[in-house]
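Here the structure is laid out as structure tokens; the discussion comes afterwards.
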Amino acid sequence: MASELDPITRAHLDHGVDSLVDEFAGVFSRQTIERFVSESLESLPAARFRDFIPVLVHRFARERLNALGQVEGTIAKDVPEVLFVCVQNSGRSQMAAALLHQRAAGLVHVRSAGSDPADQINPNVIEAMVEIGVDLSQEFPKPLTDEVVRAADVVVTMGCGDACPIYPGKRYEDWEIGDPADATLEEVRAIRDEIDTRVQHLLGEVTAPAVSTPS
């Protein structure tokens, strides 16, 4: 895809690389950042919508670089990291991430990804979330990458089987929740509410103060 880009889009991508080089100065080299931007461009299904290529690629590459920095210890991890994974990253994992982000109010950092991401978020999912004041219009499906799994403290899977790699020292959960892909809006609302209940329970657990045992 990179070779097919028009000069204006390419210039925007190059500008994005420059801004990431400034942001991650002393953490990652320009070569590493250029590689992440190139990989992100090739792997993002949403990048097929040409008008949004530079913005989406920049956001995805930036998130991946932050995760890698956390894994390598060059970027501080101030709050627990939770990763939601489903197949298309267009429904369940997007709703879960948005709901946890809203309810956590900065106490948890959230990411989401898909084992086989779709081109765009399910319209019924967007509508169901708007009904409760959550805007997903700026979100987009993202492929699952190794560094975001490694950076997570809690990994929640929903219908993606064994696609998510297992690393020691992490908490893994599998939520059996209906797939909104072919569901009606009413059915998506029910899925949303079930996810919200689970999210609230998870939030209470990951933000609960550690209890020390007497020596």
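The values are calculated or read from the model by the stated rules, or taken from the named source; none is laboratory data. Computed from a predicted structure; not experimentally measured. A quick note on method: Cβ atoms are made from the backbone with ideal geometry, for glycine too, and the neighbour counts reach across all protein chains shown.
Scanning the range 74-89 for any residue that is outside the structural domain of ARG150 (by TED's automatic domain parsing) and among the aromatic types (Phe, Trp, Tyr) turns up nothing.
Kindly indicate which of ASP193, ASP174 is at pLDDT below 95, assigned by TED's automatic domain parsing to the domain that holds LEU83, closer than 16 Å to GLN94 by Cα and acidic (Asp, Glu).
ASP174
Only one entry in HIS58, HIS109 is closer than 17 Å to SER29 by Cα and touching a residue at least 12 places away in the same chain (Cβ under 8 Å), namely HIS58. Taking the range 118-160, which residues are closer than 18 Å to VAL37 by Cα and either not charged (D, E, K, R) or not assigned by TED's automatic domain parsing to the domain that holds ASP193 (or both)? Those that are closer than 18 Å to VAL37 by Cα and either not charged (D, E, K, R) or not assigned by TED's automatic domain parsing to the domain that holds ASP193 (or both): PHE140, PRO141, PRO143, LEU144, THR145, VAL148.
Considered as a group, the residues in the range 3-33 that are assigned to a loop (DSSP other than H, G, I, E, B) and not hydroxyl-bearing (Ser, Thr, Tyr) include one that is modelled with the lowest pLDDT, and that residue is LEU5. The residue list ALA97, ALA113 contains one member that is closer than 24 Å to ALA183 by Cα and assigned to a helix (DSSP H, G or I), which is ALA97.
Taking the condition of being closer than 16 Å to ALA96 by Cβ, in contact (Cβ under 8 Å) with a residue 12 or more places away in the chain and in a helix (DSSP H, G or I), how many residues in the range 125-135 meet it? Of the residues in the range 125-135, 3 are closer than 16 Å to ALA96 by Cβ, in contact (Cβ under 8 Å) with a residue 12 or more places away in the chain and in a helix (DSSP H, G or I). Looking only at the range 71-91, decide whether some residue is surrounded by fewer than 21 Cβ atoms within 10 Å (Cβ to Cβ), in a helix (DSSP H, G or I) and either in contact (Cβ under 8 Å) with a residue 40 or more places away in the chain or β-branched (Val, Ile, Thr) (or both). Yes, some residue in the range 71-91 is surrounded by fewer than 21 Cβ atoms within 10 Å (Cβ to Cβ), in a helix (DSSP H, G or I) and either in contact (Cβ under 8 Å) with a residue 40 or more places away in the chain or β-branched (Val, Ile, Thr) (or both).
Answer yes or no: is there a residue in the range 34-54 that is more than 21 Å from LEU202 (Cα to Cα) and in a loop (DSSP other than H, G, I, E, B). Lay out the reasoning, then the answer.
Applying the first criterion (more than 21 Å from LEU202 (Cα to Cα)) to the range 34-54 yields 34-54.
Narrowing further to those that are in a loop (DSSP other than H, G, I, E, B): 44, 49.
Yes.
Restricting attention to the range 136-179, the residues that are in a loop (DSSP other than H, G, I, E, B) and either farther than 21 Å from GLU63 by Cα or in contact (Cβ under 8 Å) with a residue 60 or more places away in the chain (or both) add up to 19.
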